[in-house]
């Protein structure tokens with residue numbers, strides 16, 4: 001199956017959503033290449049980058065599910081080439 005490499009940027013403004021977010025990330029862990037989180041304590045938010053190599057439908061599904069969480073915003077950028 002053809003996959004794409006993508007970066008999902010996540011901003012968490014509601015700490016109550018972190019457990020649900022981590023559950024979702026665990027469900028897709030077989031596709032995740034790396035994860036980096038930066039707590040921005042002055043603003044009370046967390047910024048997380050997820051690098052993923054997966055079929056397009058899996059990337060879209062994860063990004064959509066994350067974006068539906070209360071206080072969580074996402075934006076996804078894709079590599080131009082398929083793998």
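Only the coordinates and a few stated rules stand behind these numbers; no lab work does. Everything numeric in this text was worked out from a predicted model, so none of it was measured. All Cβ positions, glycine included, derive from the backbone under ideal geometry; neighbour counts span all protein chains shown.
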Take the Cα gyration tensor of the range 4-78, multiply each eigenvalue by 5, square-root it, and list the three semi-axes largest first, rounded to whole angstrom. 20, 12, 10
Going by how many other beta carbons lie within 10 Å of each one, how would you line up 30, 49, fewest first? 30, 49
How high is the relative contact order of the chain, in percent, counting Cα pairs under 8 Å that sit 6 or more residues apart? 50 percent
